[in-house]
Amino acid sequence: MKDMATSLDETQVPPATDPLVAKTALTVSGAVKYYPNAPMPALNDVSFSIAENEFFTLLGPSGCGKTTLLRSIAGFEDLTSGSIRLDGDSIESLAPNQRPINTVFQHYALFPHMTVAENVAYPLRRLRLDARAIERRVAEMLALVKLAEMADRKPAKLSGGQQQRIALARALAPNPRLLLLDEPLSALDLKLRREMRTELKQIQIKTGITFLFVTHDQEEALAMSDRVAVMNNGQVEQIGRPEAIYNAPANEFVATFIGETNALSGLVEKTGSGAAQVIVLGGIALAADADLAVGERVGVSVRLEKVDLRPPGEGAVDAIVEQTVFLGTDTVVHLKVGKETLQARLQHTDRARPVPAPGDHCSVHIDPGAATVVARSNR
Amino acid sequence: MSHATRIDRLRSYPGFGPLTIICLTFLYAPLLVVSVYSFNATRSITEWGGFSFDWYVRAFNNPTIRDAAGNSLFVAVCAATLATTLATMAAISLLRGPPLKGQTGAVSLVSLPLMVPEIITAIASLIFFVTIGVPLGFVSLIAAHTVFCIPFAYLPISARLSGIEATLDEAAGDLYASRADVIRTILIPLMMPGIASGFCLAFIVSLDDFIIANFVSGPGSTTLPVAIYGLARIGFTPEINAVATLMLAVSILFVGLSWFLGRKTTQIN
Amino acid sequence: MQDAAAVAQRSYRVGEARSRRVMLSPALTVLVVGLVCPLIIVLVYSFLEAGTYGGVEWRFSLEAYQQFLFQRDIFDDSLSFSTAYLEIFGRSLFMAVLATAVCLAIGFPTAYFIATRPPEQRMFWVFLITVPYWVNLLIRTLALLFIIRDQGPINAALQGLDMIDAPLRIAYTDFAIVLGLAYSYLPFMILPIYAALERSDTRLVEAAYDLYASKARVLVDVVIPGAKAGIIAGAILVFIPSIGSYLAPDILGGGRELLAGNLIAQQFQASRNWPFGAACAVILMTVVMLGLIQFVRSQERTRRGEMR
Ligand SMILES: Nc1ncnc2c1ncn2[C@@H]1O[C@H](COP(=O)(O)OP(=O)(O)OP(=O)(O)O)[C@@H](O)[C@H]1O
Ligand SMILES: [Mg+2]
């Protein structure tokens, strides 16, 4: 199966400031991991590479193998097969304490019997740096995470957000080649999570360290990443820039996992060179950049905000409003179009256009370029 | 109980409370009576002749008791130190990392001294030392007590260690610590309350032991319980009450300490 | 700033199992040399001939076990079946069972009472129960003797109140031995029952009341089955030290009525018949092992039951 969307995606283009000089930091190829006594692999042929200075995110639902992949890279698990290379050298035979890779653990794993400063100094001591250099580096790191005044406190006396920053400072202190972050923000409340998101990104830019970030929160992934790899069932479904993942999902899983979407069934009506026209909802024509055959049935994803509601008769097809759900900044409208259902997201910016009420009649318009073909049914 | 809820009342049974009081009285009354009489100025059991420290002074001046007390302390410190060291090493190797080959066997071996009746341990140690030609004395006594104390030290140490998240080991490993570094800089400091608690228990067990000491101690290494037994054979004197009360106090002190340390550790996690 | 890439080649995972084994070995060696070997030597000695002045002659012999069941006539060397030692073991068994029953009768209500206290009070009650265990067993036994003996405070009080004329004979009786055993090992009964009760589900009790059970029925149908694992554990923990007990019969029984523990000890003291003492120890150990196997089985059964 070859999807058009994949070929459009910028998988191979490193996003760093200057793509021409960016060099590869980490390469994972053909990673397979079976846990003992587990019938299904936790990782099933995972391959990707991360460029230097890149903020790369692994995004996927719970249990898809993100942690397993991260632990394999850190050296806590052995792969069943496949290889992991850092700067071109295989690191599989190295123990965790021999890999120039550091991890920010999900629950921070700060050493409770050491002060904040001692925690940050820990890796530097193990690397046998001299006392002066350690002191300087610790101060530098605490300043970076804006917690210089907390240096002598024990971790238990810090808030969750502060502990998070210390864990980050500690992992960054030895200046690793690669920083692994396993859902580092998941234990924080929503507001703090948003703040930390910006801050993480800034720190990454400031330090220039390559980040491999793991999350199941799509908003987090889209907001921070240079590139995102969407994982499911131990496999990588799609790799690309956030916009590409959102606007051109490679398949139905990616389309439904990222953002909200209408999964519609379409019929191919016209084909041209690498382009086609697909009809959905019995009357709306959409453009598809794929090699399709006339008469073929395909799955089409249309984002909620791409559905435009117009007064009856002005759009391509008529619809009846079934239900409206108020969500603060916008309202989701559930529509019935013939026998099919459709959802639209109306932003509350346009005062002139009132939100329709259940039972109202209206018509639907979708921009021809707004759709993505995500699946082809086997005729 | 003023805030007893309905279910609390339903769950309570008449007589269980009084039985608990009887149970505690049964456990504490003999100890209490002995302690009280250790302060009695007269020798009599029936009459209270006033408060006095006489019997304590006499006990302290009794060379048999003094020497035995010194021996007991020396043996207990040595045995508890050895047992705690061995138990700490065993706990770290058994509880950190995937199960070793023969793990269950090793764990049951550690608790074996608890399963064997003490009298059998005692005569087995006696036969063993005689067979291999170790003269009965401090060496045999300390060796036998070390073996016997290992499970008592192991219990609080392993409990404490299992409470330390394995992610901390991983985090240290991730931050360039070797296995020895992890043990030295992370595990031992965090296990310290458990280790102290284990030491206290091992110390008390060694100090309290009569049966093993009775068989494997030599003429110069008589411990306090063996000496008390000898004195009690001759006749019950208030001096014995005084020593018994002191030993009681030491036991309660150490167990209280061990308990306190154990509780403190659970609060950290 | 030294780069993390320049990490010294120290091993973390490589040989981890080996280094753990090395760390474990001192403790295991001490236990094997200090306890397993001695126990094996006891087994070996039980099959040797007694030396004239203590110790053993290195000749294989079943005499020690023979002596356990038969009496050798001094004059004609003929063997006749004798129950003397069997009776000692029988009495030890009987007293251990009795002590276990007494402990259960007092221990269960106590454990239940503690388990139904408010959670923050429970640890204190448990502490109260544990403290006596850590007090020197010899001292505790002597203390018990102190208060139950003829001139002791109990008799003094009873006589003072004119309730009895002559002192009540408590010390140096079988009753005193059972009392002493129960006194020694009561905490062993309470703690596991308490642990089981505390873990058991209160909602089951609520459900039973909801389904019209009476208080007694709830106790029999819900509470006791829920604490079964603890009761069995407690019974074993009291039974094992009781059957091998040395101090309680020696001090409270006045050393006249022998129990298994004293019989064994005697062979290494006054009687100086090591092989016979070793044989008795082997027999006692076998009884204990049977108890332990029963214990492990019942633990496993309840664990399986919980998983279902
Ligand atoms: N130690 C283990 N032994 C056996 N199976 C495991 C082990 N760890 C993880 N798994 C299984 O491997 C799969 C992937 O787990 P993993 O922890 O990598 O998921 P994840 O993507 O990190 O999920 P989450 O978002 O919940 O953290 C899961 O099905 C899990 O059950
Ligand atoms: Mg995970």
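The values are calculated or read from the model by the stated rules, or taken from the named source; none is laboratory data. In this text, all values refer to a predicted model and were calculated from it rather than measured experimentally. Ideal geometry is used to build each Cβ from the backbone, glycine not excepted, and the neighbour counts take in all protein chains shown. Protein only, heavy atoms only, side chains kept; ligands, DNA and RNA dropped before computing areas. Shrake-Rupley method; radii C 1.70, N 1.55, O 1.52, S 1.80 Å.
Return yes when B:Leu19 is at pLDDT 85 or above and within 8 Å of chain C (Cβ to nearest Cβ) and no when it is not. Taking the combined requirement at face value, the residue satisfies it. Every condition in (1) within 30 Å of B:Leu136 (Cα to Cα); (2) of a type in the set (Phe, Trp, Tyr); (3) within 11 Å of chain C (Cβ to nearest Cβ) is met by B:Phe199 except one, and the failing one is (3).
Apart from one condition, A:Pro358 fits all of (1) outside any strand (DSSP E or B); (2) modelled with pLDDT under 85; the exception is (2).
Taking segment C:148-187 as the range and being part of a helix (DSSP H, G or I) and at pLDDT below 85 as the test, the residues that pass are C:Pro153, C:Ile154, C:Asn155, C:Ala156, C:Ala157, C:Leu158, C:Gln159, C:Gly160. Residue-level analysis places B:Ser125 among those that are within 11 Å of chain C (Cβ to nearest Cβ), under 22 Å from C:Ser242 (Cβ atoms) and either open to solvent by less than 40 Å² (accessible area, probe 1.4 Å) or hydroxyl-bearing (Ser, Thr, Tyr) (or both). The strands (runs of 3 or more DSSP E) found entirely in segment C:55-111 that carry 1 or more residues being away from chain B (no Cβ under 14 Å), in contact (Cβ under 8 Å) with a residue 12 or more places away in the chain and exposed (fewer than 14 other Cβ atoms within 10 Å of the Cβ) are C:56-60, C:79-81.
Only a single item in (1) within 24 Å of B:Phe128 (Cα to Cα); (2) of a type outside the set (Gly, Ala, Ser); (3) more than 10 Å from every other protein chain (Cβ to nearest Cβ); (4) surrounded by 19 or more Cβ atoms within 10 Å (Cβ to Cβ) is not met by C:Arg272, and it is number (4). Take segment A:20-74 and flag every residue that is of a type in the set (D, E, K, R) and within 15 Å of ligand 1 (Cβ to nearest atom). Passing the criteria: A:Lys33, A:Asp45, A:Lys66, A:Arg71. Residues that are in a helix (DSSP H, G or I), within 16 Å of ligand 1 (Cβ to nearest atom) and open to solvent by 40 Å² or more (accessible area, probe 1.4 Å) within segment A:199-241 comprise A:Gln218, A:Glu219, listed in sequence order.
With facing another protein chain (nearest Cβ under 9 Å), within 19 Å of C:Phe239 (Cα to Cα) and crowded, with 16+ Cβ neighbours inside 10 Å as the only criterion, which of C:Pro153, C:Pro132, C:Pro192 stands out? Answer to the selection: C:Pro132.
Could you list all residues from segment A:159-198 that are over 15 Å from A:Thr57 (Cβ atoms), assigned to a loop (DSSP other than H, G, I, E, B) and either open to solvent by less than 50 Å² (accessible area, probe 1.4 Å) or away from ligand 1 (no atom under 16 Å from the Cβ) (or both)? Correct list: A:Ser159, A:Ala173, A:Pro174, A:Asn175, A:Pro176, A:Arg177, A:Leu188, A:Asp189. For B:Leu114, state whether it is open to solvent by 70 Å² or more (accessible area, probe 1.4 Å), under 22 Å from B:Val205 (Cα atoms) and within 10 Å of chain C (Cβ to nearest Cβ). Taking the combined requirement at face value, the residue satisfies it. Of all residues in segment A:70-121, exactly one satisfies the criterion of being more than 23 Å from A:Ala173 (Cα to Cα) and within 16 Å of ligand 2 (Cβ to nearest atom), namely A:Glu77. Within the option set A:Glu92, A:Glu77, being acidic (Asp, Glu), assigned by TED's automatic domain parsing to the domain that holds A:Ile209 and within 12 Å of ligand 1 (Cβ to nearest atom) holds for one residue only, A:Glu77. Scanning segment A:159-183 for residues being within 14 Å of chain C (Cβ to nearest Cβ) and over 25 Å from the mean Cα position of the chain (by Cα) gives a total of 2. Elements of the type strands (runs of 3 or more DSSP E) sitting completely within segment A:43-158 and holding at least 1 residues that are away from chain C (no Cβ under 14 Å) and open to solvent by 10 Å² or more (accessible area, probe 1.4 Å): these cover A:43-51, A:81-86.
Any residue at all in segment A:261-275 that's in contact (Cβ under 8 Å) with a residue 12 or more places away in the chain, in a strand (DSSP E or B), closer than 16 Å to A:Ile366 by Cβ and hydroxyl-bearing (Ser, Thr, Tyr)? Yes, segment A:261-275 has at least one match. Applying the condition of being farther than 22 Å from A:Glu52 by Cα and within 15 Å of ligand 2 (Cβ to nearest atom) to segment A:224-238 and asking which residue is nearest to the chain's Cα centre (by Cα) yields A:Asn232.
Take B:Ala249 and decide whether it is in a helix (DSSP H, G or I), surrounded by fewer than 20 Cβ atoms within 10 Å (Cβ to Cβ) and within 13 Å of chain C (Cβ to nearest Cβ). Criteria met by B:Ala249.
Of the residues making up segment B:55-87, those that are within 9 Å of chain C (Cβ to nearest Cβ) and in contact (Cβ under 8 Å) with a residue 24 or more places away in the chain are B:Leu82, B:Ala83, B:Leu86, B:Ala87.
Can you name the condition, by its number, that C:Val296 falls short on among (1) within 21 Å of C:Leu181 (Cα to Cα); (2) without any contact (Cβ under 8 Å) to a residue 24 or more places away in the chain; (3) not aromatic (Phe, Trp, Tyr)? Looking at each condition in turn, C:Val296 falls short on (1). Scanning segment B:173-185 for residues being away from chain C (no Cβ under 11 Å) and under 19 Å from C:Leu24 (Cα atoms) gives a total of 1. Count of segment B:129-172 residues, restricted to those that are within 13 Å of chain C (Cβ to nearest Cβ), more than 30 Å from A:Ala169 (Cβ to Cβ) and aliphatic (A, V, I, L, M), is 14.
Based on what the data block shows, is A:Ala221 away from chain C (no Cβ under 14 Å), within 16 Å of ligand 2 (Cβ to nearest atom) and not polar (S, T, N, Q)? Yes. The residues of segment C:237-288 that are out of contact with any helix residue (DSSP H, G or I) (no Cβ under 8 Å at 6 or more places or on another chain) and of a type in the set (D, E, K, R), listed by number, are C:Arg256, C:Arg272. Output the residues belonging to segment B:28-76 that are of a type in the set (Val, Ile, Thr) and open to solvent by 90 Å² or more (accessible area, probe 1.4 Å). Within segment B:28-76, B:Thr46 is the sole residue that qualifies.
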